Protein chains: 4
Amino acid sequence: MKLSVASAMIEAALAEAEKRKVAVCITVVDAAAWPVAFARMDGAPLGVIDVSIKKAKTAVLFHMDSETFAKVAHPNGEAYSLENTNGGLTSFGGGLLLKTADGVIAGAIGVSGASTEDDIAIGRIAARVLTPA
Amino acid sequence: MKLSVASAMIEAALAEAEKRKVAVCITVVDAAAWPVAFARMDGAPLGVIDVSIKKAKTAVLFHMDSETFAKVAHPNGEAYSLENTNGGLTSFGGGLLLKTADGVIAGAIGVSGASTEDDIAIGRIAARVLTPA
Amino acid sequence: MKLSVASAMIEAALAEAEKRKVAVCITVVDAAAWPVAFARMDGAPLGVIDVSIKKAKTAVLFHMDSETFAKVAHPNGEAYSLENTNGGLTSFGGGLLLKTADGVIAGAIGVSGASTEDDIAIGRIAARVLTPA
Amino acid sequence: MKLSVASAMIEAALAEAEKRKVAVCITVVDAAAWPVAFARMDGAPLGVIDVSIKKAKTAVLFHMDSETFAKVAHPNGEAYSLENTNGGLTSFGGGLLLKTADGVIAGAIGVSGASTEDDIAIGRIAARVLTPA
């Protein structure tokens with residue numbers, strides 16, 4: 001995950017968040033779960049900094065969006081407590097796995113601060129930078 | 001959050017706790033979740049020290065009382081596992097967000113050691129120091 | 001260590017700090033190193049919150065003032081790296097062991113935010129609450 | 001610390017690092033040590049991610065550049081082991097305290113990945129965004 005790509009994704013996410021009039025934190029991690037770029041919008045609650053990081057980590061560590069992970073790692077799911085591994089993961093949407101056009105895992109993006117629906121939508125817009133439709 | 005205000009809130013909380021014949025811990029944090037003042041009443045179980053700190057942090061980090069946070073971070077809520085972020089948060093009542101009369105977030109107070117009902121009531125009494133009714 | 005005693009020590013420390021025109025954090029812990037009371041003066045750097053806690057812990061965990069501990073836990077001392085135990089301790093002055101008039105260990109007080117000399121002096125004034133000269 | 005300012009500082013730091021042909025990580029934190037923006041240049045060793053964060057935290061938590069902090073927290077300094085507080089701090093240069101033109105603390109920037117000399121120089125160039133000479 002190059003910084004130029006991560007920065008472009010964050011720019012796209014910020015523009016979409018402004019359009020939706022929400023304040024979010026955005027984290028982009030590489031395929032090994034190490035942070036590449038991060039931004040906190042003015043007014044976002046301080047607690048969502050860590051949530052955006054954990055969403056991105058969750059997606060890349062288990063090769064699935066955090067929304068999907070939520071079904072697995074739930075008291076009624078097949079791997080309840082999986083969310084307690086790796087220093088704490090997030091069992092709800094907003095962390096998106098990123099793949100190149102060739103299907104290779106490139107990293108993940110985590111968005112937090114708005115409704116889960118908005119967080120996911122913002123992440124999807126940003127992900128298009130990597131794999132334009 | 002000035003120390004004089006935090007101390008006055010702790011005094012008010014201690015007086016209310018004595019009236020209710022309960023022993024609690026009280027933590028006041030500023031708007032960035034850093035502690036300003038703390039007190040542990042004689043006889044409070046040692047475990048509630050950290051609970052009072054985490055209740056205050058929960059409220060200020062997510063701009064809502066920990067009682068409200070509990071509904072969001074519940075297995076059936078929209079953000080299950082949110083309580084695992086930020087070093088561990090508390091999904092039950094007793095952490096109250098504090099705002100000035102102008103509506104600006106000033107910090108939070110966390111009360112723990114009695115029943116959740118009593119903890120919340122004590123926190124509310126203390127909060128009046130900041131925004132007298 | 002009763003809260004009434006810890007609070008009186010913090011009051012005495014605050015008064016002395018104001019007299020010296022310095023802004024400090026003060027932590028009082030009991031004989032088992034658990035916090036009883038804490039206060040952060042307006043303007044104290046945020047980093048000294050943790051320092052005041054660690055100074056108090058250092059003193060009570062090793063039954064000596066942190067100033068004395070500093071001679072032991074120094075690269076040239078007899079127990080270099082001792083400062084890395086117990087979650088990190090402080091090898092400089094400002095943590096004072098507290099004993100009752102009978103010589104029984106009652107806890108410790110940690111003062112941080114001013115010069116080490118001032119921190120120690122403030123701690124000594126506060127300690128007199130427990131053992132008046 | 002607004003995101004627009006933090007982003008402009010990171011842009012300035014990246015440009016200076018490219019000019020010096022070095023790969024660094026840059027972290028900008030607000031006055032309460034919470035991250036606002038972060039970037040990792042392609043090729044920077046993974047270990048320096050955390051170093052850049054800790055350099056920024058060190059500067060803002062103790063109201064001094066990490067280069068100055070290094071003299072205090074040195075085995076021969078007046079506060080040896082201070083670097084063990086607050087989750088671990090950095091006793092070498094590259095963390096710069098940021099103040100507004102009015103002298104108010106605005107946050108800090110941490111640069112890591114090149115020589116300490118280069119890290120500091122890059123941080124200084126970035127800091128000019130906040131207080132142009």
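Kindly provide the set of residues from the range C:49-60 that are at the interface with chain D (Cβ under 8 Å from one of its Cβ atoms) and of a type in the set (Val, Ile, Thr), ordered by number.
If the condition is that a residue be at the interface with chain D (Cβ under 8 Å from one of its Cβ atoms) and of a type in the set (Val, Ile, Thr), then C:VAL51 is the only one that fits.
Would you call B:ALA6 within 11 Å of another protein chain (Cβ to nearest Cβ), buried (at least 19 other Cβ atoms within 10 Å of the Cβ), under 30 Å from A:VAL24 (Cβ atoms) and of a type in the set (A, V, I, L, M)?
no
For the structure I just gave you, tell me whether A:GLY123 is buried (at least 18 other Cβ atoms within 10 Å of the Cβ) and either within 13 Å of chain B (Cβ to nearest Cβ) or farther than 20 Å from A:ALA33 by Cα (or both).
No, not satisfied.
Let me spell it out: the conditions are (1) under 18 Å from C:VAL51 (Cα atoms); (2) away from chain C (no Cβ under 14 Å), and D:ASP102 meets all of them except one. Which number is the exception?
Only one criterion in (1) under 18 Å from C:VAL51 (Cα atoms); (2) away from chain C (no Cβ under 14 Å) is unmet by D:ASP102, namely (1).
With the condition kept exactly as written, say whether any residue in the range D:42-65 is aliphatic (A, V, I, L, M), over 14 Å from the mean Cα position of the chain (by Cα), modelled with pLDDT of 95 or more and within 19 Å of A:VAL5 (Cα to Cα).
So far as the range D:42-65 goes, yes, one or more of its residues are aliphatic (A, V, I, L, M), over 14 Å from the mean Cα position of the chain (by Cα), modelled with pLDDT of 95 or more and within 19 Å of A:VAL5 (Cα to Cα).
Quick check: is even one residue across the range A:80-90 of a type in the set (Phe, Trp, Tyr) and more than 12 Å from the chain's Cα centre (by Cα)? I'd like the intermediate steps shown before the answer.
Narrowing the range A:80-90 to residues of a type in the set (Phe, Trp, Tyr): A:80.
Restricting the remaining residues to those that are more than 12 Å from the chain's Cα centre (by Cα) gives A:80.
Yes: one or more hits.
Only residues in the range D:1-28 that are in contact (Cβ under 8 Å) with a residue 12 or more places away in the chain count as the first member; pair them with residues that are buried (at least 18 other Cβ atoms within 10 Å of the Cβ) and among the basic types (Lys, Arg), Cβ under 7 angstrom, at least 6 apart or cross-chain, and list the lot.
Hits for this filter: D:LEU3/A:ARG40; D:CYS25/D:ARG40.
Regarding C:MET64, is this residue in contact with a strand residue (DSSP E or B) (Cβ under 7 Å, 6 or more places away or on another chain), away from every other protein chain (no Cβ under 12 Å) and more than 28 Å from D:ALA32 (Cα to Cα)?
yes
Report yes if D:SER52 is hydroxyl-bearing (Ser, Thr, Tyr) and assigned to a loop (DSSP other than H, G, I, E, B), otherwise no.
Taking the combined requirement at face value, the residue does not satisfy it.
Out of (1) in a loop (DSSP other than H, G, I, E, B); (2) farther than 24 Å from A:LEU14 by Cα, what's the single condition that is false for A:PRO132?
(2)
Every residue in the range D:42-66 that is surrounded by 20 or more Cβ atoms within 10 Å (Cβ to Cβ) and acidic (Asp, Glu), please.
D:ASP65
Could you list, in sequence order, the residues of the range C:11-46 that are outside any strand (DSSP E or B), more than 9 Å from chain B (Cβ to nearest Cβ) and closer than 21 Å to B:ALA44 by Cβ?
Scanning the range C:11-46 gives C:GLU11, C:ALA31, C:ALA33.
I'd like the full set of residues that are touching a residue at least 24 places away in the same chain (Cβ under 8 Å) and closer than 22 Å to C:VAL51 by Cβ, limited to the range B:39-49.
B:ALA39, B:ILE49
Taking the condition of being in contact with a helix residue (DSSP H, G or I) (Cβ under 6 Å, 6 or more places away or on another chain) and within 18 Å of D:ALA33 (Cα to Cα), how many residues in the range B:36-61 meet it?
Here the count works out to 3.
Among the residues of the range C:71-93, what is the count of those that are surrounded by fewer than 24 Cβ atoms within 10 Å (Cβ to Cβ) and in a helix (DSSP H, G or I)?
4
So which of D:ALA59, D:ALA44, D:ALA127 ends up being under 30 Å from C:TYR80 (Cβ atoms), of a type in the set (A, V, I, L, M, F, W, C) and in contact with a strand residue (DSSP E or B) (Cβ under 9 Å, 6 or more places away or on another chain)?
Being under 30 Å from C:TYR80 (Cβ atoms), of a type in the set (A, V, I, L, M, F, W, C) and in contact with a strand residue (DSSP E or B) (Cβ under 9 Å, 6 or more places away or on another chain) holds for just one of D:ALA59, D:ALA44, D:ALA127, which is D:ALA59.
Give the residue that is nearest to B:GLY43 (Cα to Cα), with candidates limited to residues of the range B:94-124 that are out of contact with any Lys or Arg (no Cβ under 6 Å at 6 or more places or on another chain) and part of a helix (DSSP H, G or I).
Among residues in the range B:94-124 that are out of contact with any Lys or Arg (no Cβ under 6 Å at 6 or more places or on another chain) and part of a helix (DSSP H, G or I), the one nearest to B:GLY43 (Cα to Cα) is B:ASP119.
I need a count of the residues in the range B:100-111 that are over 8 Å from the mean Cα position of the chain (by Cα) and surrounded by 17 or more Cβ atoms within 10 Å (Cβ to Cβ).
Initially, the range B:100-111 is screened for residues over 8 Å from the mean Cα position of the chain (by Cα), giving B:100-107.
Subset that is surrounded by 17 or more Cβ atoms within 10 Å (Cβ to Cβ): B:105-107.
Going through the range B:100-111 one residue at a time, the tally reaches 3.
Please list, ordered by first then second residue, the pairs with beta carbon atoms under 7 Å, 6 or more apart or interchain, first in the range C:67-81 and free of Cβ contacts under 8 Å to residues at least 60 places away in the same chain and within 11 Å of another protein chain (Cβ to nearest Cβ), second of a type in the set (Asp, Glu) and surrounded by 11 or more Cβ atoms within 10 Å (Cβ to Cβ).
From residues that are free of Cβ contacts under 8 Å to residues at least 60 places away in the same chain and within 11 Å of another protein chain (Cβ to nearest Cβ), the pairs are C:ALA73/C:GLU83.
The values are calculated or read from the model by the stated rules, or taken from the named source; none is laboratory data. In this text, all values refer to a predicted model and were calculated from it rather than measured experimentally. Here the Cβ is made from the backbone with ideal geometry for all residues, glycine too, and neighbour counts use every protein chain on show.
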